[in-house]
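J.: Take this structure, written in structure tokens, and hold onto it; I'll ask about it next.
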Amino acid sequence: MLQVALVGAGTIGHVHAASLLHMGNANLAAVCDIRQETAAELAKEHSARAFADLQTLAEDPLWSAIDVVLVCIPTYLHEQTVTLAAKAGKHVFCEKPIALTADAAMRMIDVCADHGVKLGVGHVVRFFPEYVELKRKISAGAIGEIGTVRTFRGGGYPHAWEDWYGQEERSGGILVDLLIHDLDFIDALISPIVSLYTQRLAASVREHRDYALVIGRLQNGALLHMEATWAHVAGFRYGFEYAGSAGMLQFDSSKAPPITLFTRGQQGHQGVTVPESPLVKSPYRSELEAFLAAVETKGAPPVTGQDALRALRLSLAAKESANSGKPVEV
Amino acid sequence: MKLAILGVAHVHAKGYAQICKQLGDVEVARVYDRDAEAARLVADVCDAQPTQDVSACLGPEIDAVLICSENIYHSTLVRLAAAAGKHILCEKPLATSAQEAKEMVAVCKEAGVQLQTAFPCRYHPTITRTREVLAEGVLGDILAVRASNHGQMPGGWFASQALAGGGAIMDHTVHVVDLLRYLLDDEFASVYALSAHRFHDIEVEDAGLLSLHMQKGVMVTLDPSWSRPASNPTWGDVTMEFVGTNGTLSVDVFAQVVEWYRTAVPTYQWAPYGADMDALMLADFIERVRAQQTVRVTGVDGLRATEVVMAAYASVASGTVQPVLQETL
């Protein structure tokens, strides 16, 4: 049984904790969050122990029993936590994006390699079943040669702890935090991205509003159009369109949910609409299972530090284009 | 009022003929095309005389002409019609070069005839409403627009460099460019464009992407690709999503459809019930010509859209961001 420590009990931390409940080979033993109540609450649900941060856990006798650390804290804090875990010989699963700079990502890759621990990164889109089906169809030649790829992702502004998404030096902004999902999937599983041109509303200028339109070219010759938004009023949507010489594949998450619950509001309050897409296994659980399997079998993680570095470099290239106003060759 | 149709190569020619027949108090008297059979097919729709002689369409009884030829003949036909004193509705793109479009505008001005560019989308009630919403200011400042004018590959002369002057970028850039100029009261400043041959074995580009910047700072992307497969439920789309400081506005001009499933065909189609924008455009053109008013969508509008197309091709050729150069009039 792998003993797991979770660092960061925010939205994605809760998702991973829930996945662990269903796994027979792993146990959530510790929850670290500087928000003590948050940590205690989640720890209680899992009969785990709560800590303020990884350093505090590292000074506790429980530390020696921990096999894996899940790093689910804001991006700018990834490196110090990953480094601490790796140096103690713990395998690391780190949320995306791996880091804010390629240098930091390389140091993280190196420290994990030097200490013989696995480093996996949470590019979970690769595990979303609609993307798995997309990849399967493309590989089977279902649309012939790809001509154009269009992706969109985003919605309302993500309000989180200390508004860290709103600070370029903490989140990297929309190109590093959000667009990276689509950059990673396309580059790794469809065709390498060879050029990018970005127009973006700078987050610093437009408070709580970040938006980018990116066009580019893939190695296979296809044209690429990507939209990433934290400028919409609310909600979250993602989708894709792959048009090819023999057909087209489209997906829009807002049209996909098979279940939608509408509840009437009380006494003049607005009602609530909750769409859901139930699955046998959530993509987050599949992702974590695949990483833990790699730890157990000593195989390669499904998404490695190098994979995450490549995706980060693409985000940084998109950013470079936005800043320079010129297309960038990758 | 008597009209002549000059050139029937464009898919709209037959539709215009049908609309004119229904409009009443207007008559299409002559239909010209180099191809006698093509001219006859359209002439039959509106009980007109087909001819292979343009001058037969420019007699004193004709008040105005509808030019629906292949793109590269627009210029010649506009000059002939203007010289004969005929008011002109010319298919889009107005011309295959900015210089040509500028000269067409000048020739018509000198001849004292009206030149309208056929941008029917401006007449669509969805666009009228869009302009109202934008003018109300509820979106705050407009920051960005993501737009598409996808289509199926139209084939024929549209896929000929010599006759069309380009491919998907030439065909499907001008509608949205004109709409955004109209909706935002702004001009385009620069463009970075990509082009590719991906879907069909043709000599012109069938895929393209434009990333544009407007003079007031709005960022725009436009996808003009002929990327819709044969089984697409309709020919294509015109969509725009406006991102403003206070909200967003999604516009899908051809969304008013009934989904139509048939036993005999293993797919489904869209049966549109939205406004007939071609009919609205023709009725307005005819009314303004009759009332001796300035047409609503002018040759200058056609020129400005053509300039964006030219800048896009310049960007494709150079691989760099290109300014949209505006001809002075």
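J.: What does a probe at residue A:208 reach in segment A:139-173, counting residues whose amide N is under 11 Å from the point 7 Å along Cα→Cβ?
T.: Taking a point 7 Å out along Cα→Cβ of residue A:208, the residues of segment A:139-173 whose backbone N falls under 11 Å are A:157-160.
J.: Which three semi-axes in whole Å describe the equivalent ellipsoid of segment A:212-270, each the square root of 5 times a Cα gyration tensor eigenvalue, listed largest first? Mind dumping the intermediate values first?
T.: Numbers: eigenvalues 245, 56, 6 Å².
Equivalent ellipsoid semi-axes, largest first: 35, 17, 5 Å.
J.: Another one. Peptide B:193-200: average number of partner chain Cβ atoms within 10 Å per residue?
T.: On the way: counts 2, 10, 1, 7, 2, 12, 10, 2.
Average per residue, whole number: 6.
J.: Okay, moving on. For a quick protection proxy, order the peptides B:317-324, B:139-146 by their average other-Cβ count within 10 Å, most packed first.
T.: So the peptides B:317-324, B:139-146, ranked by packing, come out B:139-146, B:317-324.
J.: Hey, what angle do you get for helix A:305-324 against the long axis of chain A, alpha-carbon based, 0 to 90 degrees rounded to 10?
T.: Once rounded, one gets 50 degrees.
J.: Could you give me the ³J(HN,Hα) list for segment A:246-254, computed from phi with Karplus coefficients 6.51, -1.76, 1.60 and θ = phi - 60°, whole Hz, x at Gly and Pro?
T.: Couplings: 10, x, 8, 10, 10, 8, 9, 4, 6 Hz.
J.: Kindly provide the pair-distance distribution of segment A:75-190 built from C-alpha pairs, with 10 Å bins from 0 and whole-percent values in order of increasing distance.
T.: 12, 36, 30, 18, 4
J.: Please state the equivalent ellipsoid semi-axes for segment A:248-330: what are the square roots of 5 times the Cα gyration tensor eigenvalues, largest first, in whole Å?
T.: Working: eigenvalues 262, 139, 33 Å².
Largest first, segment A:248-330 gives 36, 26, 13 Å.
J.: Which whole-Hz ³J(HN,Hα) couplings does segment B:264-271 yield from phi under the Karplus relation 6.51 cos²θ - 1.76 cosθ + 1.60, θ = phi - 60°, glycine and proline marked x?
T.: Once θ is set to phi - 60°, the couplings for segment B:264-271 become 7, 10, x, 7, 10, 10, 9, 9 Hz.
J.: Mind computing the radius of gyration and Dmax over the alpha-carbon atoms of segment B:229-291? Å is fine for both.
T.: For segment B:229-291, the Cα-based Rg and Dmax read 16.9, 50 Å.
J.: In peptide B:31-43, how many Cβ atoms from other protein chains are near each Cβ within 10 Å, on average?
T.: Neighbouring Cβ atoms belonging to other protein chains average 0 per residue here.
J.: Amide H to amide H, which residues 5 or more places from residue B:31 or on other chains are under 5 Å from it, using H placed in the peptide plane?
T.: Counting only residues 5 or more places away or on other chains, the set is B:5, B:49, B:51.
J.: Let me ask something else. Please compute the Kirkwood hydrodynamic radius of segment B:191-244 from all pairs of different C-alpha atoms, in Å with one decimal.
T.: Taking every pair of different Cα atoms in segment B:191-244, averaging 1/r and inverting gives 13.0 Å.
J.: Output the 0 to 90 degree angle, nearest 10, between the alpha-carbon long axis of helix A:283-297 and the longest principal axis computed from the alpha carbons of chain A.
T.: 60
J.: Please report how far the C-alpha centroid of segment B:233-282 lies from that of segment B:45-100, rounded to the nearest whole angstrom.
T.: So the two Cα centres are separated by 30 Å.
J.: Taking only DSSP H segments of four or more residues, each worth -39500 (n - 2.57), what value at 222 nm results for chain A once the sum is divided by all its residues, to the nearest 500 deg cm²/dmol?
T.: Computed ellipticity for chain A at 222 nm equals -10000 deg cm²/dmol.
J.: Among B:301-310, B:10-19, how do they line up by average Cβ neighbours within 10 Å per residue, starting with the highest?
T.: Working: B:301-310: 26.1, B:10-19: 20.3.
Peptide ranking by packing, descending: B:301-310, B:10-19.
J.: How are the alpha carbon pair distances in chain B distributed across 10 Å bins from zero to the largest one, expressed in percent?
T.: It works out to 6, 25, 34, 25, 8, 1, in whole percents.
J.: Something else about it: Is any residue of segment B:44-76 close enough, with backbone N under 19 Å, to a label point placed 7 angstrom from the Cα of residue B:21 along the Cα-Cβ axis, and if so, which?
T.: Correct set: B:44-51, B:66-68.
J.: Moving on. 5 Å is the cut-off here: which amide hydrogens, built 1.01 Å from N in the peptide plane, fall below it relative to residue A:50, excluding neighbours closer than 5 in sequence?
T.: Amide H to amide H, under 5 Å and 5 or more residues apart or across chains, residue A:50 pairs with A:31.
J.: Given the -39500 (n - 2.57) contribution per DSSP H run of 4+ residues, what per-residue ellipticity at 222 nm results for chain B, rounded to the nearest 500 deg cm²/dmol?
T.: Working: 10 runs with 112 residues, N = 329.
Calculated from helices alone, the mean residue ellipticity at 222 nm is -10500 deg cm²/dmol.
J.: Also, quick follow-up: So how compact is chain A: Cα radius of gyration and Dmax in angstrom?
T.: Looking at chain A, its Cα Rg and Dmax stand at 20.1, 62 Å.
J.: While we're on this one: Evaluate E = 1/(1 + (r/R0)^6) for residue B:259 and residue A:270, where r is the Cβ-Cβ distance and R0 equals 35 Å; express this FRET efficiency to the nearest 0.05. Display every interim value, and only then the final one.
T.: On the way: r = 30 Å, r/R0 = 0.87.
Result of the calculation: an efficiency of 0.70.
J.: Then there is this: May I ask for the angle, rounded to the nearest 10°, between helix B:174-184 and the longest principal axis of chain B, with both axes built from Cα atoms and the value confined to 0 to 90°?
T.: 70
J.: A further question follows. With θ set to phi - 60° and the Karplus curve 6.51 cos²θ - 1.76 cosθ + 1.60, what are the ³J(HN,Hα) couplings of segment A:153-165 in order, to the nearest whole Hz, using x for Gly and Pro?
T.: Values per residue, Gly and Pro as x: 7, x, x, x, 5, x, 8, 9, 3, 6, 6, 5, 5 Hz.
J.: Same structure, new question: Segment A:261-330 to segment B:197-215: how many Å between their Cα centroids?
T.: Here the two parts' Cα centres lie 30 Å apart.
J.: Same structure again: Using only the Cα atoms of segment A:126-238, build the gyration tensor, take square roots of its eigenvalues as a ≥ b ≥ c, and label the shape rounded, prolate or oblate: rounded if a/c is under 1.5, else prolate if a/b is larger than b/c, else oblate.
T.: Prolate, because a/c is 1.5 or more and a/b exceeds b/c.
J.: Also: For segment A:2-123, how big is Rg over Rh, using alpha carbon atoms and the Kirkwood form of Rh?
T.: Values: Rg = 13.1 Å, Rh = 14.0 Å.
Using Cα coordinates only, the ratio equals 0.94.
J.: Let me check against my output: what whole-number percent is the relative contact order of chain B, with C-alpha pairs under 8 Å and at least 6 apart?
T.: Dividing the mean separation by the residue count of chain B yields 19 percent.
J.: Counting only C-alpha contacts under 8 Å and six or more residues apart, can you give the relative contact order of chain A as a whole percent?
T.: The value is 18 percent.
J.: On alpha carbon coordinates alone, what is the Rg over Rh value for segment B:35-120, Rh being the Kirkwood radius?
T.: 0.96
J.: If you keep only loop residues by DSSP, which GluC sites (Glu not before Pro) in segment B:25-96 have at most 11 other Cβ atoms within 10 Å of their Cβ?
T.: Numbers: sites: B:27, B:37, B:61, B:70, B:91; in loops: B:61, B:70, B:91.
Sites meeting the loop and neighbour criteria: B:61.
J.: Per 10 Å bin, what percent of the C-alpha pairs of the protein assembly as shown does each bin hold, from zero upward?
T.: P(r) for the protein assembly as shown, in whole percents per bin: 3, 14, 22, 22, 16, 11, 6, 4, 2, 0, 0.
J.: Oh, and also: Under the definition of partner shielding as Cβ atoms of other protein chains within 10 Å of a residue Cβ, what is the mean value for peptide A:238-246? If you can, show how the numbers build up before the last one.
T.: Working: counts 0, 0, 0, 4, 1, 11, 4, 7, 3.
Mean number of neighbouring Cβ atoms from other chains: 3.
J.: Still on this structure, please answer the following. Provide B:313, B:73 in ascending order of the number of other Cβ atoms located within 10 Å of each residue's Cβ, fewest first.
T.: Ranked by crowding around the Cβ, least crowded first: B:73, B:313.
J.: For segment A:78-138 and segment B:129-173, what is the separation of their C-alpha centers, rounded to whole Å?
T.: 41
J.: Can you give the convex hull volume of the alpha carbon atoms of segment B:104-176 per residue, in Å³?
T.: Spread over its residues, the Cα hull of segment B:104-176 gives 163 Å³ apiece.
J.: Report D for segment A:160-200 in µm² per second (integer): Stokes-Einstein, Kirkwood Rh on Cα pairs, 37 °C, 0.692 mPa s.
T.: Answer from the Stokes-Einstein relation: 283 µm²/s.
J.: Assuming a ≥ b ≥ c are the square roots of the Cα gyration tensor eigenvalues, decide whether segment A:189-330 counts as rounded (a/c under 1.5), prolate (otherwise, with a/b larger than b/c) or oblate. Walk me through the numbers on the way to the answer.
T.: Details: a/c = 1.72, a/b = 1.20, b/c = 1.43.
Since a/c reaches 1.5 but b/c is at least a/b, the shape of segment A:189-330 is classed as oblate.
No lab work stands behind these numbers, since they all come straight from the coordinates. Only a predicted model underlies this, so the values are computations on that prediction, with no experimental measurement involved. Every residue, glycine among them, receives a Cβ derived from its backbone with ideal geometry; neighbour counts consider all protein chains shown.
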